[in-house]
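Down below is the structure, laid out as C-alpha cells.
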Amino acid sequence: MTSFGGFPSQQLSGPLSLSTLIPIPFVIAASLFCYTAFNLIYRHVLGQHTKRPPYPPGPPSPSFFLGHYGKMPMKKPWFDYMEMEKTYGELIYFRSLWDHIVIINSAQATNEIMEKQARITSDRPFGTALDKFTHWDKNLSLSVYSDMWRYTRRIFHQNFRSEAAVKFHPVQIEKVHCFLRSLLELSQSSSSDKQSHDHSDELVSYISTLSQGIMIKSVYGIEIQSAINEEVPIAAKEFADLADQALLPGGATYRSIPFIHLLAWLVPDVLSEFARAQKRTREITNMLSEGPFEEAMKAWKSGNQSSLVGELMSQGEGQERSVEEVDRIKCMGSTAIAAAADTTASATATFFLALILYPEVQSKAQEELDRVLGPGRIPNFKDRQDLPYVEAIYREVMRWHPALPMGFPHKSTEDMIYKGCFIPKGAILHANVWAITHNPDHYTSPDKFIPERYLNKDGSFNKTYAKISTIDAYGYGRRVCVGRHVADATLWLAMASVLATMNVSRVGGDESEVLDIEKCYTDFSLCHPHMIPGCKVEPRLSKTEFEMALEQAKNEY
C-alpha cells in the first residue's frame with residue numbers, strides 16, 4: 001500500500017495505539033479496497049444468480065475488479081463504437097469498476113430508451129460528493145447541492161424555452177453584426193497577395209468571441225471584445241477543457257470511487273495531479289460565479305436590468321434574496337457561460353469548413369438569398385421560413401459534425417429491459433449521436449455535406465424536419481439541451497448573414513487535395529475545430545453598401 005503513502009518504521013515509546021501501529025493512509029487504502037471488493041463481488045458475482053435478463057452484449061472484461069476501467073476508447077470514441085456495433089449490435093455494455101455503461105448506437109434504441117422512457121433515463125451521473133467538493137461550497141450538504149442543480153435547470157427551462165428565447169434576439173443580432181464587421185476588417189487587413197492569405201487563426205478567434213459574447217451579455221450584461229484575451233471567456237474555455245474527457249464513456253468513473261474527495265484532501269501528494277485538477281476546477285467555477293455576478297449586480301443596482309441575472313434579482317421586488325437563492329443564480333450563470341464556450345462555436349466553425357470544401361453549396365445559398373431578399377440585404381429572423389436552402393445548410397451542419405458526438409451522459413433511475421437486455425438502475429447511458437447521424441440507412445452518403453437531403457423535390461423544406469427536436473445534436477428526452485432555442489437562433493442567423501455578405505473560399509496548398517477534416521477537430525467530447533485550414537473571407541459588398549445593409553437590418557428588427 002505504499003502507493004497511498006506508507007510511512008517508514010519508527011521507534012515507538014509510550015503506550016501503543018492503533019493509529020501509531022497502522023498509518024492513516026494504509027487504513028484509508030485498506031478500507032477503500034475492502035469496500036470496493038465487496039461491492040464488486042456483490043454486484044457482479046452474487047447478482048448473476050438473480051433471475052433477470054443478461055446485460056447488453058459488449059467486449060469481454062479485461063479485469064474482474066476493474067472491468068473496462070482505463071481500457072475504453074478516449075480519442076474520437078464514436079468511431080470505435082460504430083465499428084463495435086457490427087459485432088455487438090445497437091447496445092454495447094461496459095463495466096468500469098462498478099459503473100454500468102451502455103452505448104446506444106441507433107436512433108430506434110435512443111428513441112425507446114431516452115425518449116419513451118425519459119421518466120427513468122433523464123438523470124445525470126453528476127451531483128456526487130466529488131462534484132460538490134470540486135465545484136461548489138464544501139459546507140453545503142449533498143442534498144442542497146443537488147437541489148441547486150435542479151433549480152438551475154428549472155431557471156434554464158423558464159428563460160431559454162422557445163417563447164422566452166426571443167428576448168435574446170436583440171443581443172444575437174447585435175453580436176452577429178459585430179462578427180460581420182470583424183470579418184470585413186479581416187478581409188481589408190489582408191496582405192496584398194490576397195490569393196494566398198489564410199484567415200484561419202483570426203476566424204477561430206472571432207467565432208469564439210461571437211459565441212461567448214452573446215451568452216455573457218445575455219446572462220450578465222457584460223460586453224467582451226475578445227474571447228482569447230479576456231478573463232471570463234478564457235476561464236469558460238478552460239472549464240470546458242477540464243470537463244472534456246470526463247463527459248466521454250468511462251471518463252468519469254473516478255467520480256464514484258468511494259471517499260475520493262476525502263483522499264484528495266487527506267493525501268494530496270499521492271493524488272497530486274488529480275488534486276491540482278480539482279483545485280483548478282474550483283478556482284474557475286468561483287471565477288465564473290463571483291466576478292461576472294458582481295458586475296451584473298452593479299449594473300442592476302444602478303437601474304440597468306438588461307441581463308438575465310438582473311431580471312432574476314428583480315423578481316419579487318422589495319424582498320431580499322436569501323443566500324441560497326443568490327447561490328442558485330450564480331450557479332445558473334456560470335453553467336450558462338461554460339456551456340456556451342464550445343458548442344455554438346463548434347457548429348459555426350464547422351459551417352466555415354463546409355463552405356471551403358463545398359463551394360457549390362455557398363453558391364446555391366447566395367442565389368436563394370439574392371432572389372428572395374435582393375442583393376445586399378442581411379437576413380433577419382422573420383426571413384427564416386422563406387429561405388429553405390439556408391435552413392437546410394444549418395440542419396446539415398448540425399448533422400455532419402455534431403459538437404458533442406457522444407452527447408451528454410444520462411443515468412437511469414430504475415431497472416429497465418430493452419429487447420431482452422437488462423439495463424440496471426444507475427447505468428450511465430451514452431447516445432452515440434455520430435452513429436445516429438451517420439447511419440447510411442437513414443442518410444445517403446453520410447460523410448458528405450448535402451443540404452438537399454432536407455428539401456423536397458420542388459426545393460421546399462421537408463416538414464419532417466420542421467421541429468427542433470429532429471436535430472439530434474441537441475440531445476434527447478428530458479435532458480435535451482435547455483439552451484437549444486437560443487443556440488438555434490444564433491447559428492441560423494450567423495450562417496445566413498455570412499452567406500449574404502461574404503464569400504468564403506479555400507486558399508493555400510493544392511485546392512484539389514482532399515482535406516481530412518478530422519485532423520481539424522479535437523479528440524474528446526467537445527469535438528470542435530481547432531483550425532479552419534486555408535480559409536479566406538472576402539466581402540460581397542463594398543464598405544458603404546455593407547454599412548447600409550447593417551443599418552437596414554437593424555431598423556427592420
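The values are calculated or read from the model by the stated rules, or taken from the named source; none is laboratory data. Here the structure is a predicted model, which means the values were calculated and not measured. As a convention, Cβ positions derive from the backbone with ideal geometry for all residues, glycine included, and neighbour counts pool all protein chains shown.
Some values worked out for this structure:
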{"item": "Check on A354, among the small types (G, A, S), surrounded by fewer than 23 Cβ atoms within 10 Å (Cβ to Cβ) and at pLDDT 95 or above", "result": "yes"}
{"item": "All positions within segment 401-439 that are crowded, with 20+ Cβ neighbours inside 10 Å and out of contact with any helix residue (DSSP H, G or I) (no Cβ under 8 Å at 6 or more places or on another chain)", "result": "K411, S412, A427, I428, H430"}
{"item": "Residue match in segment 462-471 (condition: touching a residue at least 60 places away in the same chain (Cβ under 8 Å), part of a loop (DSSP other than H, G, I, E, B) and either touching a Lys or Arg at 6+ places or on another chain (Cβ under 9 Å) or under 21 Å from Y88 (Cβ atoms) (or both))", "result": "yes"}
{"item": "Among the residues listed as T470, T464, T501, T490, the single one being of a type in the set (S, T, N, Q) and over 27 Å from I207 (Cβ atoms)", "result": "T464"}
{"item": "Extreme residue, modelled with the highest pLDDT, among residues of segment 360-386 that are out of contact with any helix residue (DSSP H, G or I) (no Cβ under 9 Å at 6 or more places or on another chain) and more than 18 Å from V504 (Cβ to Cβ)", "result": "R371"}
{"item": "Matching residues in segment 48-75 - criterion: being part of a strand (DSSP E or B) and under 20 Å from P125 (Cβ atoms)", "result": "G67"}
{"item": "Filter result for the condition that a residue is touching a Leu at 6+ places or on another chain (Cβ under 6 Å) and under 17 Å from L491 (Cα atoms), over A365, A339, A354", "result": "A365"}
{"item": "Answer from Q319, Q278, Q315, Q305 - the residue that is in contact with a Leu (Cβ under 9 Å, 6 or more places away or on another chain), at pLDDT below 80 and polar (S, T, N, Q)", "result": "Q278"}
{"item": "Qualifying residue in segment 373-387 (condition: of a type in the set (F, W, Y), touching a residue at least 12 places away in the same chain (Cβ under 8 Å) and closer than 28 Å to H530 by Cβ)", "result": "no"}
{"item": "Residue match in segment 518-528 (condition: modelled with pLDDT under 90, surrounded by fewer than 16 Cβ atoms within 10 Å (Cβ to Cβ) and over 30 Å from K411 (Cα atoms))", "result": "no"}
{"item": "R328 vs. criteria over 25 Å from V204 (Cα atoms), surrounded by 21 or more Cβ atoms within 10 Å (Cβ to Cβ), touching a residue at least 40 places away in the same chain (Cβ under 8 Å) and within 30 Å of the chain's Cα centre (by Cα)", "result": "yes"}
{"item": "All positions within segment 220-236 that are part of a helix (DSSP H, G or I) and within 18 Å of the chain's Cα centre (by Cα)", "result": "V232, P233, I234, A235, A236"}
{"item": "In segment 244-261, residue modelled with the lowest pLDDT [restricted to those that are over 22 Å from the mean Cα position of the chain (by Cα) and of a type in the set (A, V, I, L, M)]", "result": "I260"}
{"item": "Index of the failed condition, V390 passing every other in (1) of a type in the set (A, V, I, L, M, F, W, C); (2) modelled with pLDDT of 95 or more; (3) in contact with a Gly (Cβ under 9 Å, 6 or more places away or on another chain)", "result": "(3)"}
{"item": "Residue in segment 59-101 that is nearest to G420 (Cα to Cα), counting only those that are surrounded by fewer than 21 Cβ atoms within 10 Å (Cβ to Cβ) and of a type in the set (S, T, N, Q)", "result": "T87"}
{"item": "Scan of segment 359-386 for residues that are in a helix (DSSP H, G or I) and of a type in the set (G, A, S), ordered by number", "result": "S363, A365"}
{"item": "Test: V397 is part of a helix (DSSP H, G or I), β-branched (V, I, T), modelled with pLDDT of 95 or more and surrounded by fewer than 23 Cβ atoms within 10 Å (Cβ to Cβ)", "result": "no"}
{"item": "Candidate set from segment 495-517 (those that are in a strand (DSSP E or B) and in contact with a strand residue (DSSP E or B) (Cβ under 6 Å, 6 or more places away or on another chain)); member that is modelled with the lowest pLDDT", "result": "S505"}
{"item": "The listed residue being within 29 Å of F408 (Cβ to Cβ), touching a Leu at 6+ places or on another chain (Cβ under 6 Å), modelled with pLDDT of 85 or more and not hydroxyl-bearing (S, T, Y), out of A235, A296, A264, A227", "result": "A235"}
{"item": "Test for I329: is it modelled with pLDDT of 80 or more and over 30 Å from P77 (Cα atoms)", "result": "yes"}
{"item": "Residue selected from segment 76-100 under the condition in contact (Cβ under 8 Å) with a residue 24 or more places away in the chain and in a loop (DSSP other than H, G, I, E, B), by the criterion nearest to D447 (Cα to Cα)", "result": "K76"}
{"item": "Residue among S205, S191, S187 that is closer than 23 Å to S505 by Cβ, assigned to a helix (DSSP H, G or I), modelled with pLDDT under 90 and of a type in the set (S, T, Y)", "result": "S187"}
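Per-residue answers, yes or no, for (1) within 15 Å of the chain's Cα centre (by Cα); (2) crowded, with 23+ Cβ neighbours inside 10 Å; (3) more than 30 Å from I120 (Cα to Cα); (4) of a type outside the set (A, V, I, L, M, F, W, C):
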site: Y465; (1), (2), (3), (4): no, no, no, yes
site: D472; (1), (2), (3), (4): yes, no, no, yes
site: Y476; (1), (2), (3), (4): yes, yes, no, yes
site: S497; (1), (2), (3), (4): no, yes, yes, yes
site: A500; (1), (2), (3), (4): no, yes, yes, no
